[in-house]
Each structure stands twice: as C-alpha cells, then as structure tokens.
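One structure is given below, encoded as structure tokens.
Read-outs: derived from the displayed coordinates by stated rules, not from any lab. For clarity, every value in this text was computed on a predicted model and none was experimentally measured. Cβ: placed from backbone, ideal geometry, glycine included. Neighbour counts: every protein chain shown.
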Amino acid sequence: MTQSKRTAQATNESLHRIFTVAEAPDSTLGVIEKEMSQNLAGFLNNHIVASKNALTDIEQDFVCPRIPEQPEFVSDHIHHLLDKLVAQSVHTASPSFIGHMTSALPSFILPLSKLMVGLNQNLVKVETSKAFTPLERQVLGMMHNLVYLQDEHFYQAWMHSAEHSLGAFCSGGTVANITALWVARNKLLKADGNFKGITRSGLFSALQHYGYQGLVILVSERGHYSLKKSADILGIGQDSVIAIETDENNKIDCQKLAQKCQQLSEQNIKVLSIVGVAGTTETGNIDPLDKMADIAAQYDCHFHVDAAWGGATLLSNKHRHLLSGIERADSVTIDAHKQMYVPMGAGVVLFKDPSSVADIEHHAEYILRNGSKDLGSHTLEGSRPGMAMLVYASLHIISRPGYEMLINQAIEKAEYFADIINQHQDFELITKPELCLLTYRYVPKSVQKFLAQHSTTTQQQADINLLLGKLTKFIQKRQREDGRSFVSRTRIEVAHYGGEKVIVFRVVLANPLTSKQNLQDILAEQCLLAQESENFLPQLLALAEG
Ligand SMILES: *Cc1c(COP(=O)(O)O)cnc(C)c1O
C-alpha cells in the first residue's frame, strides 16, 4: 500500500503536523505550488479545461451535505480539487476572456498574497494588525489624493487621526456604496435637540423629527444594482432609488435630474444622495459629474460618485479629465479589484471630509475603544484581511505611469475593436467606447440596410430586433460553451432605435495580454457561430427581404 493510499487518521500528532510541517517540495502540492509560482498563466492554461459540462452536471459533484468523518491526505485532496473544481472553473485571465471586469493579475500578486494570508492580520483593530493599520490609512490617503488632490498639510493632519478617516477599505464596490450612503443617511438624520439621531432612534422617528415625507436616491438608469441593495439595507426601500433617464451616450440627463429634484422638494421628499456613475457597468460611460455637483449643491444633498470601475482612470494623466467634477463629490467608490489589477476583495470608499465618519462611528469595550486608531470603528465590515498591502505594493511596483500605460492601452484597444466592428459589414457597434467597454451585435449586412431604410416600420424594426436578440443570445451562449473565448451580453435601450431595449454583446478590454489578433478571432468565431443558427439567421434574412 502506497503512502497516499494509507488511511489517514485524525490523531493529535497529525493535527499538530498540519500546523507545523510544510508539504515536501516533491509532494503533489509542492509540485503544484512550484508550477504556479513559475508560470501562473501556463498553470491555468494547463489545468482549466474548456469543458462543455453544463452547470447542472457539475452540481452533481457538489451534492453531499455530510462533513467527512475520515480525514484525507493533502495530496489526495488536491487531486480532487484540481479535477472537480479547478478544471471546471473559469479562465478569467485568458486574453480571450473579454466579457467581464475580472481579468489577469500581475505575477508578483501570487507570492505577495501568500505572504498576506500567512501573516493573517485582522484589520478591524490595531491589536491584530499593528503596522497594517497605518499602511491601510496611507493607502486610503493615496487614493484620496488621487481623487481630491489635497496638499501635504491636509494629509499630515488627517491620515493617522483617530477620530477621522479619509475613507474605508472594504471587500468591494457594493460595500463601498453601502458605506457611502450609510454616512450620507446618518449625517442627514443626525442627532438634533432631543432627537437622538437615526443611529439610536431609527428611520421612522428620524423622518418624523425632520418632517420629511420620504428619502430617495437619484441615479441614472445605468446605475449599478448595488444601489438598490443599499436602499434596501438602509431602510428606505428599493423603490426609493429613482432612475433618471440617460441621453444617447448613456449619461444622465441633467435637465431631468434637476426637474426631479425640484419636484421632490415640492413634495417634501428629501434626496438622500445624488449618485453619479463614472464608468457604467454595462457601457463604461461617465456622467457629467461637474453639472451633477452643481445640482447637488443647489438642493443641498450628498453627492456620491460610483467610480467602482472608472475610478482607476484618474491614474492616467491623459484621460483623467473624463472624470472632472469627481473632486466635488462628498464620497467616491473605487474598486481596486477591477482596473487596478488587485485580486478580488479590494474596494475603497473615500470621503471628501475626513470627519464624515463621525456619523457611523461605533465603539465596543474590548476593542474599538474611544480614541483608539482601530479601523473597525469606521467600517461596516468587522474582521478584514490585509488587502491594503496588495494595493500598496501594486501602487509602488506598477507606479502611476505604469497604471497610466495600462489604462491608456486598454482604451486604445477598445477603440481598435470598435474600428474593426465598424469596418466589418456584418456587425453593428451599439455603444462606442469612452473607457475600455463597448457593446455591439451581429447584424448581417442586408438586415442593417433594411433597418436603415426610412420605409421600415416600427413594427418591422421591433420584429427584427427581437430576432437579432435571439441570435445574439445564441452566439454568446455557444461561444461561452465552446470555451475558446468569452464576451458577455446585456440588454440596453438604444437611442437610435427609439429607446427600444436590445440584446447586445458586452466587452471589457481590461486584460493587458489581449491582442488585436484575439479580437479579430473573436469576430471571426462569432460569424461562424451565426451561420450555425438554423432558426434565427434564415428568418432574419427573410424579413429583411421584405
Ligand atoms: C462593479 C461595480 C460595482 C460593484 O462592485 P463589487 O466590487 O462587485 O461589489 C458597483 N458599481 C459599479 C459601477 C461597478 O462597476
């Protein structure tokens, strides 16, 4: 019987060993670790198989609810993981995976992450993180400076102050948005005379005290769904997130926004926050932040900018102007795990006013004592990992000019992709890239011609768009199943089809390793897949014949 086949037993000795003895370099795990650290991309290419298994088939590998009574050897278990999990995961680092905001990571991230996990610091309090606390405060300062460009004295005064925070580190954009709106809510409904504030007395008393008929959040119809989650959690309800119409470039219509503010103010409904989007999730467009800041100032309400995706653009001197006005926001969300190439679990919310967090401050007896520098007194989350170290390291290793190159190249690549889509007779560009996102669809030449004719009726247009939607869905699914490449899909209103909602391919060109050839191949593959659609394509061509 070989070593690995011998039955493992949970003994005191073996339990002690798993905390003290490393797997040998020639053990299965040792070999895998070496492979991973020498060439992560190669490792992923080798171990993720483009399997056509449906999710429901894969589920069959994950059905047992019993916690094992029998321990396993690491080397046996790692085989199980490679086979059932890794092999059937998604190759997000692949240069042809251009459908979502998750992409490749720089190679230094892997060993640094191992160091971070090994140290296992808990950033909720100084007692479990020590130097990690000032480090995180510095990273928040760096990100704050990126947005608000304050001077040295400002950062000297506030960066390490116990009662202040330049922002909060969190697991991602969702929690960052919730935190920003939590601060806005508590500030708006703060203690006043006999009223103890929303924190103590709750929303109902707060509205009564201040005499508001309700609270709303205003954002464009391209706002991220995390704002609805926030409204739900903060007690004002999802329907209180009011979607303001966008123009033909997917940017909020400021006239409509101002009208809405006026109307609400007449109804005595208070705007909790106006939210600008800097890089919409679907199309990557940026709202006119400066004009929005004017409206927020006029109606005296909090102005939050959700720059989860687009915030990193501030690192590019060439493109930072696209976000001008962001420095007037009361709070800003930026996800480091998107365009800053840090692994998942790193978002920040930044506050223009470092004393904003006073309204969400929490204390406890054993930690987060009054006057302590514990980060946990100003965060929604409790125990948190030292992700700030990875952002800190990336900012040093890549540096601002390095990030600028990555951002600029991503935008250029998106422009190139838009060009070849425009030049191709069978594709239609739907939204052109402002950042590195765009949307498009496959529309055979004759159908495009038919749609462009004046004589085409609204009904004909709707029929064709319906079929085109089915075709887009068919191509997108087949491409994903074939596993060579991946684009995502979404449904958006398109101005030049009279605001009709159409299904489109959505592309995010964040991976620095995606080549022009990859992009050409993706279009070629989509053309071939379209021919395989036995239903939709012939029907479409028949419709276009009139
Ligand atoms: C990704 C994104 C979010 C949510 O961030 P998570 O990190 O997924 O929680 C919020 N807003 C925008 C605009 C985003 O792109």
Nonlocal amide H pairs with residue 430, under 5 Å, H built at 1.01 Å: 439, 440, 441
statement: Over the chain, the sum of -39500 (n - 2.57) across DSSP H runs of at least four, divided by residue number and rounded to 500 deg cm²/dmol, gives at 222 nm -13500 deg cm²/dmol
task: Describe numerically, in nm with one decimal, the distance between label points set 7 Å from Cα along Cα→Cβ at residue 90 and at residue 208.
output: 4.7 nm
message: Which one, 214, 255, 297, projects farthest toward the positive side of the charge dipole computed for the chain from Cβ point charges (K/R +1, D/E -1)?
response: 214
field: Considering only the chain, percent of DSSP beta bridges that pair antiparallel, nearest 5
entry: 60 percent
statement: Residues whose built amide H sits under 5 Å from the amide H of residue 121, excluding neighbours closer than 5 in sequence, are 386
query: Taking the range 97-185, which chymotrypsin sites (Phe, Trp or Tyr not before Pro) meet the DSSP loop condition and have no more than 13 other C-beta atoms within 10 Å?
result: 108
- line: In whole percents, the bins of 10 Å from zero upward hold the Cα-Cα pairs of the range 387-546 as 10, 36, 30, 15, 7, 3, 0
message: Can you compute 3J(HN,Hα) from phi for each residue in the range 134-142, using the Karplus curve 6.51 cos²θ - 1.76 cosθ + 1.60 with θ = phi - 60°, rounded to whole Hz and x for Gly and Pro?
response: x, 4, 5, 5, 5, 4, 4, x, 4
message: With θ taken as phi - 60° and the coefficients 6.51, -1.76 and 1.60, list the Karplus ³J(HN,Hα) couplings across the range 55-70 in order, rounded to whole Hz; mark glycine and proline as x.
response: 4, 5, 6, 4, 4, 4, 7, 10, 10, 6, x, 8, 6, x, 8, 10
query: So, by mean Cβ neighbours within 10 angstrom, what's the order for 418-426, 27-35 with the highest one leading?
result: 27-35, 418-426
task: Report the convex hull volume per residue for the chain, counting only C-alpha atoms, in Å³.
output: 191 Å³
message: Per 0.36 nm of contour for each residue apart, how much would the distance between residue 151 and residue 263 grow if the chain were fully extended, relative to their Cα-Cα spacing?
response: 36.4 nm
query: R0 = 60 Å: FRET efficiency of residue 67 with residue 426, Cβ-based, nearest 0.05?
result: 0.65
- prompt: At a Förster radius of 41 Å, what calculated FRET efficiency corresponds to the Cβ-Cβ distance of residue 446 and residue 513, to the nearest 0.05?
  reply: 0.65
message: At a threshold of 8 angstrom on Cα-Cα distance, excluding pairs fewer than six apart, so keeping six or more, what relative contact order does the chain reach in percent?
response: 17 percent
task: Give me the distance in nm between label points sitting 7 Å out from Cα along the Cα-to-Cβ direction at residue 221 and residue 57, one decimal.
output: 4.0 nm
- line: The extension gain from residue 127 to residue 232, computed as 0.36 nm times the residue separation minus the Cα-Cα distance, is 34.4 nm
- prompt: Using alpha carbon centroids, what distance separates the range 432-496 and the range 258-330, in Å?
  reply: 30 Å
- line: For the range 105-117, Karplus-derived ³J(HN,Hα) couplings (6.51, -1.76, 1.60; θ = phi - 60°; whole Hz; x for glycine and proline) come out as 10, x, 5, 5, 5, 5, x, 5, 5, 5, 4, 5, 5
- prompt: Taking amide hydrogens as modeled 1.01 Å from N in the peptide plane, which residues meet the under 5 Å criterion relative to residue 489, leaving out close sequence neighbours?
  reply: 506
- request: Between residue 76 and residue 115, take the C-beta separation as r, use R0 = 22 Å, and let me know the FRET efficiency to the nearest 0.05.
  value: 0.20
query: Hey, how many Å between the Cα centroid of the range 344-413 and the Cα centroid of the range 119-153?
result: 6 Å
Inter-site label distance for residue 399 and residue 355 at 7 Å from Cα along Cβ, in nm: 3.9 nm
message: If you filter the range 355-429 for chymotrypsin sites (Phe, Trp or Tyr not before Pro), then keep DSSP loop positions with at most 16 other Cβ within 10 Å, what is left?
response: 366
